[in-house]
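A.B. asks: What follows is a structure written as structure tokens; I'll ask about it next.
The values are calculated or read from the model by the stated rules, or taken from the named source; none is laboratory data. The structure displayed is predicted, hence computed values, not measured ones. Cβ sites come from the backbone with ideal geometry, for glycine too, and all protein chains shown count toward neighbours. What goes into the accessible areas is simple: the full protein's heavy atoms, side chains included, and nothing from ligands, DNA or RNA. Shrake-Rupley method; radii C 1.70, N 1.55, O 1.52, S 1.80 Å.
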Amino acid sequence: MHGRPRKAAKPEDEAASAAQAQELRALQSQLLSNHHNKIYTDEAQQLSAKLVQQNPESYTAWNYRKLVVQHNLAQSESDPDSLKSILDQELGLVESALKQNFKSYGAWHHRKWVLSKGHSVLDRELKLLKRFQQLDPRNFNAWNYRRFVAALLNRSEEEELDYTREMIEHNFSNYSAWHNRSVLLCNLMKKKSQGYFPKEKVLNDEYEHVHDAIFTDPDDQSGWFYYLWLLDQTVKTDAPLLVASWPAHESDVILLRNRRSDDSSFSLFDSFHSDSGTIPLILYFNQAVEGVNSSTITIESSFCTEDLNWKPLLQNNSRLSQVWVTHIKFPDVKPHSSEAYQLKISVGQSQGIISASGIHYSHPTQFAFNVCLRPIETEPATKQGGHRILWRDENFHVYQPQSQEPYEVVPIDQLIINDHEPTASNWRAETVANEIALFQELSELNCKIGKLTLARLLTAHDVMLSPRTSKMAHSEVVLELYTDLIKLDPLHSQYYKDEHSLVLLQKVTSNRESLLNHCFSYKNLASSSIGNGICLRLSNLSLSRMGSIEKLLWVQMLDLSHNELRSIEGLEAMQLLSCLNLSNNKLGSLTALGPLRLLKSLEVLDISYNEIGSHTIDTTRYLCSTPLSHTEETSRNSDEIVTGGASLKDNWEAVLIFKSMSLTQLAIVGNAISGENFKSLLVKLVPTLEWLDGDKLH
């Protein structure tokens with residue numbers, strides 16, 4: 001553990017271990033019998049004490065000891081001396097067990113339980129801890145117990161912080177001491193305790209402290225982890241902020257009530273089709289928040305007078321979400337006439353928007369946009385269901401902006417929020433710049449975590465400057481660093497690939513020119529079922545993770561084919577998506593398609609040639625609670641669905657995902673799950689489906 005190699009056991013040691021195991025089995029068998037029969041005699045108590053001393057990892061034995069203590073306390077009635085004697089005896093037993101194994105979870109938890117009963121002298125606990133921490137200064141169980149005892153003793157956090165410094169100076173490699181220091185500093189800075197405010201001064205001192213550890217031994221990871229925590233404290237803003245919206249600030253949106261339009265007087269980027277005359281209003285925050293409603297978000301317009309229903313874009317039932325959406329219904333327009341409306345949105349004018357950490361939205365923000373309604377034709381154009389979207393290269397050509405279009409064709413949101421802390425903002429940029437200069441020296445070494453830290457520093461610096469420069473100045477260097485890390489540290493290559501993908505997407509979306517390089521016009525817009533015919537093509541980029549979604553809210557047609565995506569988390573924010581190509585990726589289960597359920601405009605979906613159904617066990621069911629297993633739709637009467645031969649029990653995820661969708665075109669070929677029975681199920685689940693794997697259904 002922690003890089004310390006284990007020694008192979010000698011034959012005589014193996015024989016002794018076998019004899020000990022036999023004895024332990026006999027003790028455990030007798031203890032289970034006593035436990036079951038509620039026997040708490042002196043003999044039974046001695047047996048349990050012997051077991052925990054020999055095997056401190058026996059949780060059942062410790063639970064039995066709790067029953068023993070409660071039994072003895074009940075027998076002693078209210079005699080304080082007797083109560084203290086019982087608890088002290090139990091503390092002595094725990095201490096004996098810890099000497100056998102001072103990393104035993106069960107023993108430390110049991111000691112906490114005994115102390116919580118009261119009647120014990122706490123001062124001795126710190127002396128005991130000191131002895132154990134001398135044996136192993138990085139024992140996180142002991143550090144966790146120390147926080148518990150310090151709270152009982154009302155020791156100040158400043159005293160404990162001094163103790164962490166003492167332990168770190170004794171051994172730079174004490175990861176647990178560094179971690180405890182971060183916990184204490186967080187509390188002190190949050191409370192703005194004397195000497196720990198402003199935050200900038202505190203962090204500057206900590207940078208100097210951790211530099212000593214890193215440059216003394218660059219290969220030791222303990223100081224590096226603390227450094228990464230410091231960097232996070234430096235670059236992140238505690239308060240929630242609005243970072244993007246759709247429609248974008250000062251944008252002009254064309255709302256089409258017909259699928260086709262021969263009018264070329266407007267930018268295709270700004271057009272949106274809706275038969276019902278409704279558009280989504282999307283708010284994208286820098287962190288998950290709650291409290292987004294008609295009280296905290298106000299809309300000024302000549303027609304929108306009713307309270308709007310705001311919904312979090314989540315796959316679970318949490319009240320906290322980074323993305324919120326509502327829908328605005330516009331008045332009907334007379335034939336052969338157009339109407340224009342201006343809407344002003346105010347965010348956070350009244351308190352109520354709160355982050356997960358309890359911090360209020362403190363940057364009231366306003367943005368405005370115009371919506372021009374195009375009339376409904378007297379004889380509406382019928383939906384062109386006879387044609388399908390073909391994702392072949394020959395069907396796309398590079399988008400050529402029209403001459404009358406403004407310079408900022410692509411409505412990338414760069415909402416400028418007044419910085420109430422300009423000094424803090426300048427300090428962040430200066431600190432990161434100074435750290436970059438310092439750590440570029442270490443990048444020449446084959447120090448994995450040093451390269452990772454430099455990559456994060458350069459990325460943080462670019463992100464802080466991007467609102468002013470509209471470019472990622474260090475993106476090529478960062479991408480090269482992650483490429484090197486994939487080779488240097490193959491065990492963690494997937495993490496580096498994910499980070500590489502995030503930086504690449506930041507680069508692609510950083511400015512207009514870069515993004516336009518990936519924008520293509522679909523050749524046959526008039527006969528297609530898509531909204532505006534502009535496709536953002538991010539194929540063949542080796543993407544393993546999606547990011548920069550806040551800059552892609554305007555996208556209606558997206559090509560992510562031929563990448564390495566295992567998840568599409570984040571796509572649920574792209575509420576305008578009508579066409580999506582996910583073919584030739586590494587999506588391993590239907591669970592991975594969960595975000596698609598929230599894309600109500602999606603009509604064309606290609607998930608062909610992935611790995612869906614190729615894994616016998618969908619491990620995401622066990623690694624985390626699947627959001628598809630706890631929705632209101634699980635109560636659906638299975639008799640409503642005719643499966644066509646597919647097992648409903650084995651295809652619940654398919655039911656929950658596809659039943660709520662209004663797809664007209666779907667491709668699933670090339671997946672293990674794409675058999676005829678499953679196709680029959682899909683046809684029943686999605687009655688709007690017209691094309692399935694290239695075959696016409698109706």
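A.B. asks: Whenever you get a sec, line up Arg138, Arg155 from highest to lowest accessible area (probe 1.4 Å, protein heavy atoms). If you can, show how the numbers build up before the last one.
C.D. replies: Details: Arg138 40, Arg155 75 Å².
Per-residue accessible area, sorted high to low, gives Arg155, Arg138.
A.B. asks: Hey, rough spin-label estimate for Asn293 and His492, points 7 angstrom out along Cα→Cβ, what's it come to in nanometres?
C.D. replies: So the two model labels end up 4.3 nm from each other.
A.B. asks: Set the Förster radius R0 to 25 Å, insert the Cβ-Cβ distance between Lys523 and Ser338 as r into 1/(1 + (r/R0)^6), and round the FRET efficiency to 0.05.
C.D. replies: 0.35
A.B. asks: How much FRET efficiency would the formula 1/(1 + (r/R0)^6) give for Asp307 and Leu697, where r is the Cβ-Cβ distance and R0 is 45 Å, rounded to 0.05? Could the numbers behind the result be given before it?
C.D. replies: Working: r = 41 Å, r/R0 = 0.92.
Efficiency, from the Cβ-Cβ distance: 0.65.
A.B. asks: Ignoring ligands, DNA and RNA, please state the percent of accessible area on the stretch 99-143 from carbon and sulfur, probe 1.4 Å.
C.D. replies: 54
A.B. asks: A follow-up question, please. Given the pairs Lys523/Lys600; Lys130/Lys448; Lys99/Lys190; Lys84/Lys112, which are separated by over 27 angstrom at their Cα positions?
C.D. replies: Distance filter (> 27 Å) returns Lys130/Lys448; Lys99/Lys190.
A.B. asks: Can you compute 3J(HN,Hα) from phi for each residue in the stretch 72-77, using the Karplus curve 6.51 cos²θ - 1.76 cosθ + 1.60 with θ = phi - 60°, rounded to whole Hz and x for Gly and Pro?
C.D. replies: 3J(HN,Hα) across the stretch 72-77, in whole Hz: 5, 5, 5, 6, 7, 6.
A.B. asks: Give the ranking of Lys679, Lys497, Lys38 by solvent-accessible surface, highest area first, calculated with a 1.4 Å probe. Before the final figure, lay out the partial values.
C.D. replies: On the way: Lys679 40, Lys497 70, Lys38 150 Å².
Heavy-atom accessible area, descending, gives Lys38, Lys497, Lys679.
A.B. asks: Enter the accessible area of Met661 (Å², nearest 10), with the probe set to 1.4 Å and all protein chains included.
C.D. replies: 10
A.B. asks: Next question. Determine ³J(HN,Hα), in whole Hz, for all residues of the stretch 188-196 in sequence, where each value follows from phi through the Karplus function 6.51 cos²θ - 1.76 cosθ + 1.60 and θ = phi - 60°; x replaces Gly and Pro.
C.D. replies: Taking θ as phi minus 60°, the curve returns 5, 6, 5, 7, 6, 4, 4, x, 10 Hz for the stretch 188-196.
A.B. asks: Add +1 for every Lys or Arg and -1 for every Asp or Glu among the other residues with Cβ under 14 Å from the Cβ of Ser302, and state the total.
C.D. replies: -1
A.B. asks: For Asn316 and Gln194, compute 0.36 nm times the residue count separating them, minus their Cα-Cα distance, and round to one decimal in nm.
C.D. replies: Using 0.36 nm per residue and subtracting the Cα-Cα distance, I get 39.8 nm.
A.B. asks: Residue separation times 0.36 nm, minus the C-alpha to C-alpha distance between Asp217 and Ser614: what's the value?
C.D. replies: On the way: separation 397, 0.36 × 397 = 142.92 nm, distance 4.55 nm.
Taking 0.36 nm per residue and subtracting the Cα distance, the gain is 138.4 nm.
A.B. asks: Work out the FRET efficiency for His397 and Glu300 from their Cβ-Cβ distance, taking R0 = 41 Å, and round it to the nearest 0.05.
C.D. replies: Efficiency computed from Cβ-Cβ geometry: 0.50.
A.B. asks: So, one more: Would you list Lys451, Lys344, Lys201 from the most to the least accessible area, probe 1.4 Å?
C.D. replies: The ordering from most to least exposed comes out as Lys201, Lys344, Lys451.
A.B. asks: A further question follows. Counting only heavy atoms of protein chains, what accessible area per residue, in Å², does the stretch 451-503 have with a probe of 1.4 Å?
C.D. replies: 47
A.B. asks: According to a simple spin-label model (label point 7 Å from Cα along Cα-to-Cβ), what is the distance in nm between Asn171 and Ala19?
C.D. replies: About 3.3 nm separates the two model spin labels.
A.B. asks: Work out, step by step, the length gained on full extension between Ser680 and Lys127: first 0.36 nm times the residue separation, then minus their alpha carbon distance; give nm to one decimal.
C.D. replies: Gain in length upon complete extension: 192.0 nm.
A.B. asks: On to the next question. Determine the alpha carbon to alpha carbon distance for each of Lys497/Lys586; Lys236/Lys507; Lys236/Lys329; Lys236/Lys551; Lys50/Lys103 and list only those over 25 Å.
C.D. replies: Lys236/Lys329
A.B. asks: Ranking request for peptides 683-694, 13-24: highest mean number of other beta-carbon atoms within 10 Å first, then the rest in descending order. Please report the intermediate quantities before stating the final value.
C.D. replies: On the way: 683-694: 16.5, 13-24: 11.1.
Highest mean packing first, the order is 683-694, 13-24.
A.B. asks: Considering only protein heavy atoms, what per residue accessible area in square angstrom results for the stretch 19-191 with a 1.4 angstrom probe? Could the numbers behind the result be given before it?
C.D. replies: Numbers: 8950 Å² over 173 residues.
Ligands and nucleic acids excluded, the figure is 52 Å² per residue.
A.B. asks: Run the simple label-point estimate for Glu77 and Ile39 please: 7 Å along Cα→C-beta, distance reported in nm.
C.D. replies: 2.9
A.B. asks: State the answer as a single residue: which of His492, Ala460, Tyr482 lies farthest towards the positive end of the charge dipole of the stretch 425-503, with beta carbon charges of +1 for Lys and Arg and -1 for Asp and Glu, about the Cα centre.
C.D. replies: Ala460
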